[in-house]
Structure formats: C-alpha cells, structure tokens
Amino acid sequence: MKILMIEDNKSVSEMMGMFFQKENWDATFAYDGNEAVDLFNESPDDWDMITLDLNLPGKDGMEVAKEIREVSKTVPIIMLTARDSESDQVLGLEFGADDYVTKPFSPITLIARIKAIHRRSENIAEEASKNGVPAGADDSADDNEFDIDTGFFKLNSDTREAYLDGKEIPDLTPKEFDLLKTLASKPKRVFSREQLLEQVWDYDYFGEERTVDAHIKKLRQKIEKVGPQVIETVWGVGYKFDDSEVKAK
C-alpha cells in the first residue's frame, strides 16, 4: 500500500512511519497543506490511502481534502484531528473524508482503520471491474438491474447511484453509499451503530459511534434534497431504512 500521511507533527509522523514500515507499506510524509496538495497532484492515481491532519500550516485539512476530492473521488481519506466536536467531524466528512480518528490515537487503531478502509476500497474496485464498470464511474444508472428496487427507492452498486422517488440522491461519498445500501438492503431492520461499523467500515468497534452518527447526518441532508426522509433513528438502538413515507405520497 502507498500512503500519503499529511501531518505537521513530526513526532507523530516518525512514530507512524515505524508502524507503516512494519506493515511493509510505502509511506510519504507531507508537513503542510500546500506541500500535501502538490505531492498528491504529482501522481494522484498512485496513492492507496491518505491520512490527513485537520490543523495544518499553509492550508488547513478541510481545504486539502476539498482539493484532493476535486481530483479523485475515490482515494480513501482518514481525517486525523484533535478536535472532538460533532460539527468538526461532520465538516470533515462533508469535505470528502471517509472516516476520522481523534487525537490522541493508538497507532494500532489507526493501522486497523487503514486496513479496513483499504480492504473495502479494493473490494469495490474489484466488483466494479467484474461488472465492467470503472471504479468511481459517473455513468448514469438506467433501468438495468438494481440491487435494491422497492418501486420508490432504487440502488445500483455498479454505478454507485441511488434514486428516491425517481430522483438521484446527489453527491454520495463511497461511505455514504455503502451505509445507505446496508440499511436499505433490509428495510425496517434496526442496525446498531456497532453493527454498522462492522458492516460498512469493516472494522471492530473501537468506541467511535460518532463516526456513524456523523455520516448519517450528512446522508440525511442529501436524501432530503430529493424526497422524504427514509432513514429513521430508533432511540437507544440505532438506525433503520423505511420508505413508507414515500409510499404514502
């Protein structure tokens, strides 16, 4: 795996460099936002993973994520931040991060997150290749086979597109799409946050329930742009997909 670690704290970079080396990963380090964007743009297709600190000199992590996403919609980004508020986490996701890890963090936890996200990214690319669709392709879905089709909600894994009441849900990130697919695959079934972490993020529960909550919040905002809300909160338990409100129209 080829990793670009964007982190202005050289002690953290050196520590993680040792862990990356143990995994036989090829790591490159950038210590400010401008350097990071330049390094990424030199060979955007070569990077398998990006870890991105939120607080950076030159150009902050949000802007770096935004500029990276303008070039690549699919390269996985894990945001590293000392900020521990929901608004910062949601903002990071809005700017294109797939996940976030709050500082101080365990190197072993970060390694596990990287492995899980990379594994899932590879699976998506492999599935797309089998079906003859390039990963991250923007070709519109037609009436070909949908993985999920309730008549009111349709989802196509090949094109990574989802439709509600005939309208495409816009600008879904890879993680938002996977989350929506997981919930919609079993309508009205309640998924706990721990189950969603395991099934969508593909890693064991590390206590980061807010990762799920932040993604749900952004996903709901995008759904509401095209129709009624189909993701419900089951208080004290988790979340479920229910399109009965669409059916009632």
**Study point:** Pair residue 28, residue 2: separation of 7 Å Cα→Cβ label points (nm)
**Key:** 0.7 nm
Study note, to complete from the structure: So for R0 = 35 Å, FRET eff. of residue 245-residue 10 from the Cβ-Cβ r, to 0.05, ends up at 0.10
Practice item. Note the full-extension length gain between residue 66 and residue 45 as 0.36 nm times their separation in residues minus their Cα-Cα distance, in nm to one decimal. Key: 5.9 nm
Point to revise | At R0 = 35 Å, FRET efficiency that the Cβ-Cβ distance of residue 171 and residue 19 yields, to 0.05 | key: 0.55
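Shape call for region 21-61 from the C-alpha gyration tensor, a ≥ b ≥ c root eigenvalues: rounded (a/c under 1.5), prolate (a/b greater than b/c) or oblate?
In terms of gyration-tensor shape, oblate.
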**Study point:** Gained length - residue 221 relative to residue 73, 0.36 nm times residue gap less alpha-carbon distance
**Key:** 51.3 nm
Check your understanding: Say each of residue 188 and residue 115 gets a label point 7 Å from the Cα, pointing the same way as Cα to Cβ; how far apart are those two points in nm?
Key -> 4.0 nm
Study note, to complete from the structure: Dividing the surface of the Cα convex hull of region 2-127 by four yields a projected area in nm² of 7.1 nm²
Point to revise | Under 20 Å from the Cα of residue 10 - lysines, other chains or at least 8 residues apart | key: 2, 22, 59, 103
Review point. Among 13, 36, 61, whose Cα sits farthest toward the positive end of the charge dipole of region 2-127 (+1 at Cβ of Lys/Arg, -1 at Cβ of Asp/Glu, about the Cα centre)?
Key: 13
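Values quoted throughout were computed directly from the atomic coordinates according to the rules given, and no laboratory measurement underlies them. All of these numbers come straight from a predicted model, not from anything done at the bench. Positions of Cβ are generated from backbone atoms using ideal geometry, with glycine treated the same way; all protein chains shown enter the neighbour counts.
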